[in-house]
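Right, one structure below, let's go through it.
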Amino acid sequence: MPHSAANTCSDWCAVNSYESEKGLIEAVLPRSTEFHKSLVHEEEYVAGNREVVASNVDAAFIVIDSHYDFNIHKIERYLSILSADHITPCWYSPRLTWLKIL
């Protein structure tokens, strides 16, 4: 997976310690996955670019209240985003049982 230019949340680093609580980052290790979000302009349209939000994510939990905020289209959008980034989705609704979506 190509590494984005900027470091992000969950990047693994190789650190060289030089004092008891200090160290120097020597390298940023390759990412196994990248979780992206679309960039939106002020005119509220989606640009073609995506921003890396987190890296090395194995699974993501979608938590939605099945009574007040249940929206199947929102769930489909979240599943689509996670699938595009090769992240395993897990869905939880307080009024239903755990469901792992393969």
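Structure notes:
- Test: residue in the stretch 24-35 that is surrounded by 14 or more Cβ atoms within 10 Å (Cβ to Cβ), at pLDDT 70 or above and among the hydrophobic types (A, V, I, L, M, F, W, C): yes
- Where a residue in the stretch 61-74 is within 13 Å of residue 92 (Cβ to Cβ) and touching a residue at least 12 places away in the same chain (Cβ under 8 Å) and its partner, wherever it lies, is surrounded by 10 or more Cβ atoms within 10 Å (Cβ to Cβ) and among the aliphatic types (A, V, I, L, M), with Cβ under 7 Å and at least six apart: 62/75; 64/75; 66/96; 70/64
- Contacts under 7 angstrom Cβ, first residue in the stretch 29-50 being more than 25 Å from residue 10 (Cβ to Cβ), partner surrounded by 10 or more Cβ atoms within 10 Å (Cβ to Cβ) and at pLDDT below 80, 6 or more apart: 41/47
- Leading residue by the ranking (modelled with the lowest pLDDT) among those in the stretch 43-100 that are open to solvent by 50 Å² or more (accessible area, probe 1.4 Å) and β-branched (Val, Ile, Thr): 97
The values are calculated or read from the model by the stated rules, or taken from the named source; none is laboratory data. Quick caveat, the model's predicted, so the values are computed rather than measured. Please note: Cβ atoms are built from the backbone with ideal geometry, for glycine as well, and neighbour counts cover all protein chains shown. With ligands, DNA and RNA removed, areas are computed over all heavy atoms of the protein, side chains included. Shrake-Rupley method; radii C 1.70, N 1.55, O 1.52, S 1.80 Å.
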